[in-house]
Amino acid sequence: MALASLKDHTSSILPSLSYTELLAFAGTTYAIYSVLRIIYRLTLHPLAKYPGNFIEKISDWPLIYYCYNGDRHLRIQEAHRKYGTVVRIGPNTLDFNTATALSAIHRDRNANVKKADWYDTVDAGSGARSVQSVVDKPYHAFRRKMLLPAFSETALREHEKFIDNNVTTMIDEMCKECNQEDSKDVWTSPVDFMLFAAWYGFDYTADLAFGSPMKLLENEHRYVPDVVKWTSQFLYYVGYLPFAPLIRPILIHTSVIKHLPSKNTRDTAKFFQIGEERLVARQAAEERSVENDKDVRRDIFHYIFHARDETGVALSQEEMIADASFFLAAGSDGVGIALSAALFYLLQNPESLTTLTTELRSSFASVDEIRLPKLNQLPYLYGVVEEALRLVPCVSSQFPREVLPGGMTVDDQYIPAGTVVGTSPYALHHNEENYPDSFAFKPERWLGDEESVARAKSAFNTFSVGQYNCIGKNVAYLAIKLVIAKLLWGYEVRVPEEVGLIGGGGRGAWKGDLRRENEYQLLDYLVGYREGPIVQFRKRKV
Ligand code: HEM
């Protein structure tokens, strides 16, 4: 029908063409347009002078494929290795690999950039934008302000006990085979540490946010990590599709995703529902405790319910629901990845494991003593956590920013308006200038002379930097350190001989030239997917 009317309209210009001829004409026109566009992108385009892989200079599809495939971080790092510190990774996209660029693009509050269009797709399925996907700067400042009290130093001290309860559950569940009276010298059966770390992530985050763990550690809602993996991958590449602007109005902030006919979308809807239901239950509990003047639970949402800006405005119900779902994903997976990576590298580096264990056991006389502020004063623990977060940043590729009218200067290069720019944590963390022997696990690099520590810190980008950086960073450090400290204080850990150290490249899903055998592997989605290590525990001999 549409084709017939198109033919009517064009018949005066293209008299008596058949359907086939019309299609051939359209195809040829498109082919000529595409060839001219390629020539333009390689010659007259403002980014034509920048180096990069040919295919990435002429088309956005490789980037989309890398996002789908989970190896975008490796591709970008390899491109920097080949071409230098600034690389064209898409027709309109540059990636910079220096600490100075990190400052110019992300740390500088006045940088002439905005979050790129990709962020418009991040909250598909939620009723509103979460704070992370807000692009408008003043509106983001308001959203961030409403969250800040929940992440203050005072709040963190309140948060510690909520996190700690879940650490105890995790360790009890994981090590129960060696905690019986008659099994003191017994190693547990092999345990998939990655799974326990992921379950712990969701449990502590839900407990901390709403006062109700999701009980994945106790065998409830165990579909959730797979849902987050699927949703992350989907949202990661969909946001870069050339026709994304057309599908956004259908997909975003509507309930369409809940009605798509697949198990993954149904489970995703269930996951969003959990965030919403728990928030509503938490609101009711807060109202009761205020009415009855009972002990108030000072968790994340306690602070958010009471936050107001200077004109007395609070977050709307939709905004709180969107942030609730975002917290569940943001707070859990990064912590799970950091824990798995830390244990992988400690097992691969027995000297580091011994140094850390000695530091922990000599610093605390009992497991109950393991808490703030002393936890944050242990140098080697700090080095281990920093190094795990450096080697395996959970968001590994650039947080895309679009240059605004007027352009900007990055590393002495003038970048025109409309260009998408960023710095990729994985590439930056493997830049030898800042991290000599960058693929090696060296907690000491964070404890050495002032100058090299300052250099390492200046390029550290796991939590991003500047006004959009991770607001939950201190919570994350606490959630990571409590597990590592309590586990290694009370238990010995080893790799089962028959299994070997799982998590490195070279096998199964982790095959590929760029996936190194001794490196903990990640599928670079919105949050990363990983495997292993598989480990055994035995109660420490006192
Ligand atoms: C190891 C753990 C974590 C890592 C590596 C991490 C990383 C990040 C990164 C890279 C961003 C910036 C993303 C962007 O610009 O697009 C971010 C933002 C954010 N993170 Fe985290 N995160 C972690 C844990 C947490 C936790 C525990 C929470 C809260 C419970 C949290 C809440 C947030 C929020 C609310 C934002 C958005 C901030 C804003 O836009 O103003 N994160 N995180």
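The values are calculated or read from the model by the stated rules, or taken from the named source; none is laboratory data. From a predicted model like this one, the values you see are computed outputs, not experimental measurements. Cβ: placed from backbone, ideal geometry, glycine included. Neighbour counts: every protein chain shown. We work out accessible area using only protein heavy atoms, side chains counted, and drop any ligands, DNA or RNA first. Shrake-Rupley method; radii C 1.70, N 1.55, O 1.52, S 1.80 Å.
Brief remarks follow.
- Among residues of the range 422-439, those that are within 16 Å of the ligand (Cβ to nearest atom) and either out of contact with any strand residue (DSSP E or B) (no Cβ under 8 Å at 6 or more places or on another chain) or farther than 16 Å from Arg75 by Cα (or both), counted: 4
- Flag if Lys442 is of a type in the set (D, E, K, R), modelled with pLDDT of 95 or more and within 16 Å of the ligand (Cβ to nearest atom): no
- When Gln521 is tested against the conditions (1) within 19 Å of Gln348 (Cβ to Cβ); (2) in contact (Cβ under 8 Å) with a residue 24 or more places away in the chain; (3) assigned to a loop (DSSP other than H, G, I, E, B); (4) not small (Gly, Ala, Ser), the lone failure is (2).
- Test: residue in the range 396-418 that is in the same structural domain as His159 (by TED's automatic domain parsing), within 16 Å of the ligand (Cβ to nearest atom), open to solvent by 20 Å² or more (accessible area, probe 1.4 Å) and touching a residue at least 24 places away in the same chain (Cβ under 8 Å): yes
- Considering residues of the range 112-141 that are open to solvent by 10 Å² or more (accessible area, probe 1.4 Å) and in a loop (DSSP other than H, G, I, E, B) only, the residue farthest from Gly239 (Cα to Cα): Asn112
- Scanning the range 452-511 for residues that are outside any helix (DSSP H, G or I), in contact with a helix residue (DSSP H, G or I) (Cβ under 8 Å, 6 or more places away or on another chain) and more than 16 Å from the ligand (Cβ to nearest atom) turns up Tyr491, Val493, Arg494, Val495, Leu501, Gly503, Gly504.
- Boolean, Ser289 is without any contact (Cβ under 8 Å) to a residue 40 or more places away in the chain and part of a helix (DSSP H, G or I): yes
- Matching residues, the range 345-358, being assigned to a helix (DSSP H, G or I) and either hydroxyl-bearing (Ser, Thr, Tyr) or surrounded by fewer than 19 Cβ atoms within 10 Å (Cβ to Cβ) (or both): Tyr345, Gln348, Pro350, Glu351, Ser352, Thr354, Thr355, Thr357, Thr358
- Candidate set from the range 334-343 (those that are within 8 Å of the ligand (Cβ to nearest atom) and open to solvent by less than 10 Å² (accessible area, probe 1.4 Å)); member that is nearest to Gly528 (Cα to Cα): Ile337
- Selection within the range 303-320 - within 25 Å of the chain's Cα centre (by Cα), open to solvent by less than 30 Å² (accessible area, probe 1.4 Å) and not acidic (Asp, Glu): Ile304, Leu315, Met320
- Looking at Arg37, Arg75, Arg107, just one residue is open to solvent by 60 Å² or more (accessible area, probe 1.4 Å), modelled with pLDDT of 95 or more and closer than 23 Å to Cys470 by Cα, and that residue is Arg107.
- Flag for Ile105 being free of Cβ contacts under 8 Å to residues at least 24 places away in the same chain and part of a helix (DSSP H, G or I): no
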